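Data block below; observations after.
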Amino acid sequence: MSVNLAAYATSSGEAFQFWVLGTVAVVGALCTILMRRAVHSALCLAGTMIILAVFYLANGAYFLGIVQIVVYTGAIMMLFLFVVMLVGVTAADSLKETIKGQRWWAVACGLGFGILLVAGIGNASLKEFAGLGAANSAHGGNVEGLAALIFTKYVFAFEITGALLITAAVGAMVLTHRERTERAATQRELAEQRVREGKHLPPLPAPGVYARHNAVDIAGLLPDGTPAELTVMQTLRKRGQIRDVSTEALADLKALEQRSEERLGRDRDEEEATR
Amino acid sequence: MENLIALLIGAPLLGAAVLLLGGRRLDKAGHWIGTLLAAVSFVIGLALFADMLGRSADDRALHQRLYTWIPVEGFQADMAFQLDQLSMTFVLLISGVGTLIHVYSIGYMEHDERRRRFFGYLNLFVAAMLLLVLADNYLLLYFGWEGVGLASYLLIGFWQHKPTAATAAKKAFLVNRVGDMGLSIAIMIMFTTFGSFAFGPVLGATGETSEGKLTAIGLMLLLAACGKSAQVPLQSWLGDAMEGPTPVSALIHAATMVTAGVYLIVRSADIFNAAPDAQLVVTVVGAVTLLFGAIVGCAKDDIKKALAGSTMSQIGYMILAAGLGPIGYVFAIMHLVTHGFFKAGLFLGAGSVMHGMNDEVDMRKYGGLRKYMPVTFITFGLGYLAIIGFPGLSGFFSKDKIIEAAFAKGGTEGWILGAVTLLGAAITAYYMTRVMLMTFFGEKRWQPDADGNPPHPHESPKTMVIPMVLLAVGSVAAGAFFEFAGFVEWLEPVTGFAHGHSPLSATTVTTATVAVMVIGVGLAYVQYGRKPVPVVAPRGSLLTRAARRDLLQDDLNHAVFVRGGTHLTRSLVYVDHTLVDGVVNGTAASVGGLSGRLRKLQNGYARSYAVSMFGGTAVLIAATLLMRAV
Amino acid sequence: MSFPLLTVTAAVPAVGAILTAAVPAARRTAAKWLALLVSLATLVLAAVVFVRFQPGGERYQMTESHSWIKDFGVRYELGVDGIGVALIALTALLIPFIILAGWHDADPLETSSKRWRPTQGFFALILMVEAMVILSFEATDVFLFYILFEAMLIPMYFLIGGFGDRAHAGSDENAAAQRSYAAVKFLLYNLVGGLIMLAAVIGLYVVAGNFSLTEIAEARANGSLEMATSTERWLFLGFFFAFAVKAPLWPLHTWLPNAMGEATAPVAVLITAVVDKVGTFAMLRFCLGLFPEASKWATPAIVVLALISIVYGALLAVGQRDIKRLVAYASISHFGFIILGIFAMTTQGQSGATLYMVNHGISTAALMLVAGFLISRRGSRLIADYGGVQKVAPVLAGTFLIGGLATLSLPGLAPFVSEFLVLVGTYARYPVAGVIATTGIVLAALYTLVLYQRTMTGPVKEEVRELPDLRVRELAVVVPLIAVLIFLGVFPKPLTDVVNPAVQHTMSDVQQKDPTPEVEAAK
Amino acid sequence: MNPVNYLYLAALLFTIGAAGVLIRRNAIVVFMCVELMLNACNLAFVTFSRMHGNLDGQIIAFFTMVVAAAEVVVGLAIIVSVFRARHSASVDDASLMKL
């Protein structure tokens, strides 16, 4: 790679890259906060992060650029997606604000803050760029240069972050791990318990309506046409991911009845006619 | 010799400590230890007395200084004792009568499971009383003063399971506290006036201050004396104090503690001599109490309460005499000592009667006991003769002198005081004869006690009889002994003495005294000796009914202090809760209102807080930028 | 640099508190013993301080001084005068007994494991309070003192709110609500006082430029630090208000009965016998030491308030139905005496007030702890629930009586000496006030004896028939306290020796001389 | 082009992230926005590193990443356990800070 790449004068290629990718990054960021579904937000964020990785590379931070892609986009965002999946992929948030004035205050503060930042940067005298050429080549390369710093000047901070990571990992396990203190109930015990409680002796009814809908997220219908939420699995129920087809089903039923009525009526007419 | 003074107090104090801390293992020997240590004190007293007699009249006072009790800049209270003739008289009275009553108590309290503790309290009392009379400054005197108050409290309330006893003990302590307030104010005035409160500097410098100050001190001392000696208006506790065991009534509420007021006034003679107004008030208090106590004594059916009224009245005599100044001090003390003998004897006799009568105290349920308790009858009778002033017995000499001195006061006051003392003598003869007749003469009016056991009157055991006999001897002989052995000369160096110039001759006074005594006895005989005594008290006249209720003093106290005080405290509790607390809580509530409005910002939503943080950061950055721009 | 005795004296309980708190949950008894040992070690150190203090020497002794916050001239400055020494001794003396008396107060309840209250915390908090109180008696830097004055509230808040009296009349929820009310009330009152004091502390810094008590007092004495009259008065009021809340003076007293009523008896003792003394101590040291002129200016008003406290507290004590609240109101009355003595501006008054602080601490501890033993036996704080205890538990009744007699200042027991000195000192300057204050001794007898009569005498009530007498641990608490009461009652010299010079210094701070007795004046 | 533009971009992304934190209720999305803010900071650090010609800025960015990783791990764990307990990942539902 060229030593000049990270020098003061940016190439026109970098400028082009900045304006195109920068626009995409901003759009991605905006999408992150505006998408209703968490999955979409995560994907947009991942895109923005990849663009940032490119920018790191452009700025001569080769190691960070790779790390950004591998660790951030690769690992952390995957983690996000896992959690989103646990919580419910399809659950869409309502973007309707519930706290009075919250959004306006947020926007006002955000605008004011942004303007201030921009003004601050504009005010600062940032005309001279030293470029990273010398620094990167001092130890033979960017990675070697970073390594030289990390294991000398920042060795304590580095060790401490290591400790932090381990603590965090253990902490996460502690938080999410549930110790099973009693023996898991056998099927027989579960059945006996069900009989004792006397609420649902038979197995829970299956989801799906007729043969048309057998997806797990569709509640079975009761005789009067209303959906029976009991038929849907607990997790989906809690996430609120039940697809309600009762209105369609009722409409279908009505149409069916009408058609049969018509058919019956026609038959009757025919009968009378033959008579 | 002077090093022995502390031992006088130390012996009974040691006894109290040992008995009260010793626990149950001393139950068997406790009463003997207590009695022994009281006797030790008496023996030391006798030794010191012998030593004192060996020295010339001017050189008889002994001083012992142990250490500085309260050393504060400008305020030196010494733990120091002074033993002069006046103190000596008291020491012998207290330790002597005290020892006798210890002995008596051995028998009297025999069946009480808490006898050890009783003796501990008795020893405590003796120690405190000795401290009172041996102190060489007013603050130490105050120490003893409150100490006897405590002992009296503990002993009156000795039978604590009886609510009446507990109430009486509390009442005694409280009323005494009012008096104590007087004593402490007196000490404060002394301190600001003389810069000291030791007897020497104070009494020696009375000439250097104004009469007003001295009158104030005198009146405050009188207030103290009223409390301790049950004088009007602080007399109400003495009758109730009879709830205590009888030896206590004999020792504390007849012979010694209640006379502390007289001691205080006589001890402060120099102050009173220089404050005639205060003296006048003293005599008035004495005279009023003298009649008050006598009237109350006439109406009571409870033998101990009748004797208590009598005590009050007799101390009234002493206070009156002490108020007369140098012409009366010596006779006040003389009557005090003789009274100590005969009244203690009378109380012990009463105790003996009660002992034999299933603890019955109502004289209307006695009668005809002279055959069953001959020794008690004789000793009680001698005491009776002594108190009414039968010629030749001790009361005759001392009371006669006081009546004479009262007349010698001079002017209208003299006539009035003289008349009051004579009237008092008549009433004394009346009520004492009443007691005598109702108890020992007439037909038997015995009633079975609460458990239905009829009384079997019997003579008391030896431990009880011997003290009674000895005290009876004292009641008979003390007066004559003092009269002829030179009691006046003995005390004169301390209290001063002046011959009064009575408008009536000594013979006239004596004749009048004997005459009114005979009238009193006669009246009582007509009323109680000739007619049978009804078992249930007749309704009686208005005065009788009032006298039965201590001349309505208790009702007045109750209405004014107890009920008024209760209302006051109740309303103050209310005020504290609603007003004082309310004002503060009100302020808090208004602040709360304001913060309630502010609290709406704190809606609990993390995002809302985040906005304010974010906004705050923005403002901070803006401020920083602006500051740099300026 | 000599051995930092004062720091160590305060540090031992502080470190002990941390260690106690760190004892594992299951080893409750070990924590108790540790706390007791630490408090005893502190007592030994306090005794060393007491012995090493030379009454005739410098005003502040065993001084230590280190820079703390350089920019504001805040220093970690310690030193003790006689008053401080006496109060440190009091604190160190009482804490072991408080710990011993509260031995089982923080044990887990057998019935419900949910309401388990950590024993370790209870004893650690007590030691923490001890450390802070001792250090505040030693601090000669106003800022340092202020911080301790406020910081004390934190452990006290938890002690009151977290470890309430189990003997409560109402239901558990009701008890918890009242307890939290009492704790919050305690905290708010003292915080408001503290905030006003903070304003005054800052004001003092603005005027004087540093926080050192000794330097400011010296500068004021030699005239190099002038203060406008109104400034001085405002600053004085700011300080005094905080101390009057803590002391507590009428009408700022209402937090005390709640706090003492709801807290356990040992904590109640901690409040009234130890922590509140910081208020009166600070009046002597800071109000009089820093603002002599303003103190003199405010004296008449303060004397009147003190008199009201005396009479009002005593009257309210008479009207109480709850044993602990009764003792609390009695304490208010006694604090009235202390404040009266301080502002009487006489040697006797101030010596008396200082002795009073010590004696009141011991006597209230004796009375309150015995009352606590009684309450824990019967499970009720109401006077009406008792009767005839004397018959069942004579030793308990006897010690209770002695505690009561000390409260009513019977001669022969320590409080008499101090009370009489206060009265005499007050009378010398304000005769009318002296006489009014004297009525306090009658009222004191009234509430004490009424309490004793209603609880201990009379027929034995059915509920108290089975009451056990004092146990060995309880005797170990009460007997030494009573012994000290009697000892100081007949021989207060060890205490007066250290207190006298300090009082002389204070008197010269405020440039006051005792009134000359009339007879001497005439000569 | 002047590399200062990177800083402007960083400021813009940071602000967007901050606004997202304030506006969104889904805890996961809020968390993502926090990550966005951190990334914006990292971009600024990298740019500063280039500006000053030394690698310290990149080191800081590196540390930020590490800390962010730790934070994400714990944060997501918390979200999961909150979701388990309350069946919701909305930050508004946990309004317990109000008395």
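Taken together, the values in this text are just the output of simple stated rules run on the coordinates, not laboratory data. The shown structure was predicted, so the numbers you read here are calculated from the model rather than taken from an experiment. As a convention, Cβ positions derive from the backbone with ideal geometry for all residues, glycine included, and neighbour counts pool all protein chains shown.
Values for this structure:
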| item | result |
| --- | --- |
| Spatial separation of Cα centroids for the range B:59-80 and the range C:180-247, in angstrom | 42 |
| Estimated inter-spin distance, A:Val216 and B:Thr164, nm [label 7 Å along Cα→Cβ] | 9.2 |
| Residues B:Ser505, B:Ser152, sorted so that the one with the fewest Cβ neighbours within 10 Å comes first | B:Ser505, B:Ser152 |
| Residues A:Cys109, A:Cys31 arranged by fewest to most Cβ contacts within 10 Å | A:Cys31, A:Cys109 |
| Cβ-derived FRET efficiency at R0 56 Å, C:Val184 paired with C:Val51, nearest 0.05 | 0.85 |
| Cα→Cβ-extended label distance, 7 Å offset, between C:Glu226 and B:Ala477, nm | 8.7 |
| In degrees, nearest ten, helix A:38-58 long axis to first principal axis of chain A (Cα) | 20 |
| Inter-probe distance in nm under a simple model that places probes 7 Å from Cα toward Cβ, at B:Val562 and A:Ser260 | 9.8 |
| Difference of contour (0.36 nm per residue) and Cα-Cα distance, B:Ile466 to B:Leu66 | 140.2 nm |
| Estimated translational D of the protein assembly as shown in µm²/s (Stokes, Kirkwood radius over Cα pairs; 10 °C; 1.306 mPa s) | 40 |
| Three-way shape call for the range D:4-86 based on the alpha-carbon gyration tensor, with the a/c threshold at 1.5 | oblate |
| Proxy reagent accessibility, fewest Cβ within 10 Å first, across B:Thr35, C:Thr9, A:Thr186 | A:Thr186, B:Thr35, C:Thr9 |
| Calculated FRET efficiency for the pair C:Thr439/C:Val304, C-beta based, R₀ 22 Å, to 0.05 | 0.90 |
| Dipole magnitude of the protein assembly as shown, debye to nearest 20 (Cβ charges: Lys/Arg +1, Asp/Glu -1, about Cα centre) | 2660 |
| Cross-link pairs B:Lys343/B:Lys401; B:Lys300/B:Lys343; C:Lys70/C:Lys185; B:Lys371/C:Lys391; B:Lys170/B:Lys300; B:Lys371/B:Lys462 - those with Cα-Cα distance over 28 Å | C:Lys70/C:Lys185; B:Lys371/C:Lys391 |
| Efficiency of FRET from Cβ geometry, A:Thr176 and A:Asn123, R₀ 45 Å, rounded to 0.05 | 0.45 |
| Span per principal axis, largest first, for the Cα atoms of chain B (Å) | 118, 65, 56 |
